[in-house]
Structure formats: C-alpha cells, structure tokens
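Q: Pasting a structure here, questions to come.
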Amino acid sequence: MLLIPCPYCGERPELEFRYGGQAHIARPENPAALSEEDWAGFLYMRDNEKGVHAERWRHVHGCARFFNVVRDTTTDRILGSYKAGETRPETLR
Amino acid sequence: MVERPARLPALPASVIGADGVTLSPAPDGARFVFRGPEGAAQAADEAWGTPLSRVACRATMAMGRAALWLGPDEWLLLAPGEEPETVAAQLAARLPGIGHALVDVSHRQTALILSGVLAETVLAGGNPLDLDIGAFPVGMCTRTLLGKSEIVLWRTGRETFHIEVWRSFAPYVCEFLREHMREFGG
C-alpha cells in the first residue's frame with residue numbers, strides 16, 4: 001500500500017485518500033469568451049505524463065482536505081506534497 | 001405542541017467481552033461539528049470550555065467535554081450526558097457575529113469504547129494505521145476507516161479507544177469488531 005504524505009496529518013495509508021486528477025489546472029476567468037476547442041482543452045485534455053507528475057489528492061477519510069502530490073508515474077514513488085493553493089516547490093520539479 | 005419522537009439507541013446496551021478486550025457502547029450525549037477560521041476557533045475555546053487543538057490529530061478534554069481535531073478548521077465537539085439543544089444554545093450565544101458553522105450531529109453518530117490489552121490488535125483487523133503507542137499516542141484522534149466504514153478513532157488511554165461512528169454504520173462496526181474478537185474468545 002502507498003503511504004501518502006498529507007500536509008496536515010502526515011504519512012497515511014492510501015486507503016484513506018481519493019485521487020483528484022492533474023493539479024494546477026486553473027478554470028478560465030471568462031469561459032464564454034473561449035472557443036469550443038479551448039474549452040474542451042480545459043475540460044478534458046491532460047498531460048498524461050510519463051514521469052514526474054503534480055496531481056491533486058484528497059484525504060477524504062482523514063482531514064478531508066485537498067492537497068497536491070508530486071509523484072513519479074513510472075515508479076509510483078511520491079516525491080512530496082504541499083497544500084492546495086501553494087505553488088509547486090522548486091525542490092519538487 | 002409537537003411531540004418529539006423517542007430517541008432509540010443504535011446499539012444494544014450489552015457489553016461484548018473477550019480475553020483481554022471489551023467492546024461497550026459509550027454514554028450518549030451532545031455532539032457537534034464546529035467549523036470556522038482562527039477567530040471563531042478562539043471564541044469557541046472559551047465557549048466550549050476546553051481549548052480546541054490547533055495541533056493536527058489531537059484531542060483536548062476538560063470538565064467532561066472533549067474537542068477532537070478533524071481538519072485544519074474542523075473539530076468534533078463531544079459533551080456526554082448533555083442535552084444537544086441546551087448546549088447548542090449556550091454555544092451560539094457566546095459566538096455572536098463571528099462566522100462559523102455549528103452542526104448538531106448528536107443523532108447522526110454513536111460511539112463505542114474498545115478497551116483492553118488486545119484493543120490495538122482487534123482494531124488492526126480492519127484499520128490500516130500504525131496503532132502502536134509511539135505512533136498513535138494517548139490523546140491522538142483522527143477520521144479513518146474500519147473495514148468498509150468511516151470512523152473517528154480517538155485513543156483515550158493506553159489500552160482504550162473511543163470509536164465514533166455514524167449511526168447506521170454502528171451495527172456493522174460492532175459486528176466487525178466482534179468478528180475480530182472471536183479468536184480471543186469473544
């Protein structure tokens with residue numbers, strides 16, 4: 001079982017978490033001004049990274065907070081985590 | 001006047017015993033989920049009687065009342081033996097004009113007490129956390145899972161755990177623990 005470092009609770013078993021998809025995807029300020037292609041890009045297109053990937057997780061059966069995790073998708077190794085709303089630390093690039 | 005329906009317990013009042021571990025229902029009372037920013041938490045420290053823990057996964061207790069940290073702006077307040085309406089009114093009166101959420105969950109949840117030298121072992125049958133006293137000390141509390149049910153687990157003593165569970169999940173949790181107590185004669 002993966003141990004996921006929650007920025008609030010510390011390392012916790014994977015069972016307590018839900019995956020929340022790719023991190024740092026900002027909703028466009030004015031969706032009405034977007035072309036259909038750009039809107040579809042925002043809604044559906046993701047990086048599908050092979051390697052180091054920033055993603056959202058939610059500690060749903062714990063503190064219930066969303067946060068960000070940087071994980072290597074090829075090895076499942078988690079490099080670190082940081083709170084939602086924070087920028088990705090340089091050390092986790 | 002509208003007659004209030006009687007509140008029936010979710011679990012039978014019986015105690016399940018085994019060699020080295022006992023499962024019993026906890027006394028009923030008032031329960032609240034309190035949410036709010038630091039300012040509201042400071043007001044609640046005074047109003048509740050025991051300061052709300054700002055340290056993650058820790059509970060505080062005073063004068064029979066307890067405050068369990070659930071999230072960075074979320075606490076579970078327990079007042080065994082007290083009337084929810086009275087306590088809610090007292091609290092609300094002491095938090096005027098301060099943005100917060102105080103939700104009465106007295107009827108949503110019930111609680112079990114698991115105690116004995118084998119309490120850790122029995123819980124480990126369905127909970128993935130490290131329950132060793134070093135990793136999960138007395139006073140630590142957290143939402144977590146037991147089998148397929150979400151619980152709030154709180155270590156009130158070296159060999160005693162308080163388990164808060166949603167009412168409709170209580171029979172499941174009770175039977176789940178009983179199943180794991182069977183090998184110790186439960």
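Every number in this text was worked out from the coordinates using simple rules, so none of it is lab data. Just so it is clear, the structure is predicted and the values come from calculations on it, not from any experiment. Glycine gets a Cβ as well: all are built from the backbone with ideal geometry, and neighbour counts include every protein chain shown.
Q: Anything in the stretch A:5-42 that is within 15 Å of the chain's Cα centre (by Cα), within 13 Å of chain B (Cβ to nearest Cβ) and in a loop (DSSP other than H, G, I, E, B)? List them, or say none.
A: A:7, A:17
Q: Continuing with this model, one more query. Test of understanding: among A:41, A:85, which residue is free of Cβ contacts under 8 Å to residues at least 24 places away in the same chain, on the phi > 0 side of the Ramachandran plot and not polar (S, T, N, Q)?
A: Numbers: A:41 fails: on the phi > 0 side of the Ramachandran plot.
Result of the check over A:41, A:85: A:85.
Q: Could you say whether any residue in the stretch B:119-141 is over 23 Å from residue B:170 (Cα atoms) and part of a strand (DSSP E or B)?
A: no
Q: Same structure again: Looking only at the stretch A:60-78, filter to residues that are within 14 Å of another protein chain (Cβ to nearest Cβ) and assigned to a loop (DSSP other than H, G, I, E, B); which one of those is surrounded by the most Cβ atoms within 10 Å (Cβ to Cβ)? Talk me through it step by step, then tell me what you get.
A: So the first thing to find is which residues in the stretch A:60-78 are within 14 Å of another protein chain (Cβ to nearest Cβ), and the list is A:60-67.
Filter once more, keeping what is assigned to a loop (DSSP other than H, G, I, E, B): A:60-65.
Numbers: A:60: 16, A:61: 19, A:62: 26, A:63: 24, A:64: 15, A:65: 19.
Residue satisfying both the conditions and the ranking: A:62.
Q: Of the residues that sit in the stretch A:68-93 and are polar (S, T, N, Q) and under 19 Å from residue A:18 (Cβ atoms), which one is nearest to the chain's Cα centre (by Cα)? Please lay out each step first, then the result.
A: As a first pass, look at the stretch A:68-93 and keep what is polar (S, T, N, Q): A:68, A:73-75, A:81, A:87, A:91.
Checking which are under 19 Å from residue A:18 (Cβ atoms) leaves us with A:68, A:73, A:81.
Numbers: A:68: 4, A:73: 12, A:81: 9 Å.
That would be A:68.
Q: Starting from residues that are crowded, with 17+ Cβ neighbours inside 10 Å and either free of Cβ contacts under 8 Å to residues at least 60 places away in the same chain or touching a Phe, Trp or Tyr at 6+ places or on another chain (Cβ under 6 Å) (or both), keep the ones in the stretch B:22-44 and report whichever is nearest to residue B:186 (Cα to Cα).
A: B:34
Q: Surrounded by fewer than 20 Cβ atoms within 10 Å (Cβ to Cβ), away from chain A (no Cβ under 13 Å) and either closer than 25 Å to residue A:2 by Cα or small (Gly, Ala, Ser) (or both): which single residue out of B:121, B:156 fits that description? Walk me through how you get there before you give the answer.
A: Working: B:156 fails: either closer than 25 Å to residue A:2 by Cα or small (Gly, Ala, Ser) (or both).
After ruling out the rest, the residue left standing is B:121.
Q: Given the condition within 14 Å of another protein chain (Cβ to nearest Cβ) and outside any strand (DSSP E or B), answer yes or no: does some residue in the stretch B:70-88 qualify?
A: Within the stretch B:70-88 (the criterion being within 14 Å of another protein chain (Cβ to nearest Cβ) and outside any strand (DSSP E or B)), the answer is yes, since at least one residue qualifies.
Q: Right, another one. Could you go through the stretch B:135-144 and let me know if any residue there is touching a residue at least 40 places away in the same chain (Cβ under 8 Å) and over 21 Å from residue A:4 (Cβ atoms).
A: To start, the set of residues in the stretch B:135-144 that are touching a residue at least 40 places away in the same chain (Cβ under 8 Å) comprises B:139-143.
This time we only want the ones that are over 21 Å from residue A:4 (Cβ atoms), so: B:139.
Yes: one or more hits.
Q: Just to be sure, is residue B:129 within 11 Å of chain A (Cβ to nearest Cβ), surrounded by 14 or more Cβ atoms within 10 Å (Cβ to Cβ), under 18 Å from residue B:56 (Cα atoms) and out of contact with any His (no Cβ under 9 Å at 6 or more places or on another chain)? Walk me through how you get there before you give the answer.
A: Working: within 11 Å of chain A (Cβ to nearest Cβ): yes; surrounded by 14 or more Cβ atoms within 10 Å (Cβ to Cβ): yes; under 18 Å from residue B:56 (Cα atoms): yes; out of contact with any His (no Cβ under 9 Å at 6 or more places or on another chain): yes.
Judged against the criteria, residue B:129 is a match.
Q: While we're on this one: Tally up the residues in the stretch B:142-153 that are in contact with a Cys (Cβ under 8 Å, 6 or more places away or on another chain) and either part of a loop (DSSP other than H, G, I, E, B) or more than 9 Å from chain A (Cβ to nearest Cβ) (or both), please.
A: Going residue by residue through the stretch B:142-153, those that are in contact with a Cys (Cβ under 8 Å, 6 or more places away or on another chain) are B:142-143, B:152-153.
Adding the requirement that they be either part of a loop (DSSP other than H, G, I, E, B) or more than 9 Å from chain A (Cβ to nearest Cβ) (or both) leaves B:152-153.
Matching residues across the stretch B:142-153 total 2.
Q: Among the candidates B:97, B:147, which residue alone is without any contact (Cβ under 8 Å) to a residue 60 or more places away in the chain, out of contact with any Leu (no Cβ under 6 Å at 6 or more places or on another chain) and farther than 30 Å from residue B:37 by Cα?
A: Values: B:97 fails: farther than 30 Å from residue B:37 by Cα.
Going through B:97, B:147 in turn, just one is without any contact (Cβ under 8 Å) to a residue 60 or more places away in the chain, out of contact with any Leu (no Cβ under 6 Å at 6 or more places or on another chain) and farther than 30 Å from residue B:37 by Cα: B:147.
Q: Now for a separate question. Filter the stretch B:95-118 down to the residues that are within 22 Å of residue B:184 (Cβ to Cβ) and assigned to a loop (DSSP other than H, G, I, E, B), then identify the one that is nearest to the chain's Cα centre (by Cα).
A: B:116
Results for (1) in contact with a Phe, Trp or Tyr (Cβ under 8 Å, 6 or more places away or on another chain); (2) charged (D, E, K, R); (3) over 21 Å from residue A:61 (Cα atoms), shown as yes or no for each residue.
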position	(1), (2), (3)
B:108	yes, yes, no
B:113	yes, no, no
B:116	no, no, yes
B:152	no, no, no
B:156	no, no, no
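Q: With the condition kept exactly as written, say whether any residue in the stretch A:51-59 is aliphatic (A, V, I, L, M), away from chain B (no Cβ under 14 Å) and farther than 28 Å from residue B:33 by Cβ. Before the answer, list the steps.
A: Filtering the stretch A:51-59 down to residues aliphatic (A, V, I, L, M) leaves A:52, A:54.
Applying the additional criterion that residues be away from chain B (no Cβ under 14 Å) yields A:52, A:54.
If we keep only those that are farther than 28 Å from residue B:33 by Cβ as well, we get A:52, A:54.
Yes, that holds for at least one residue.
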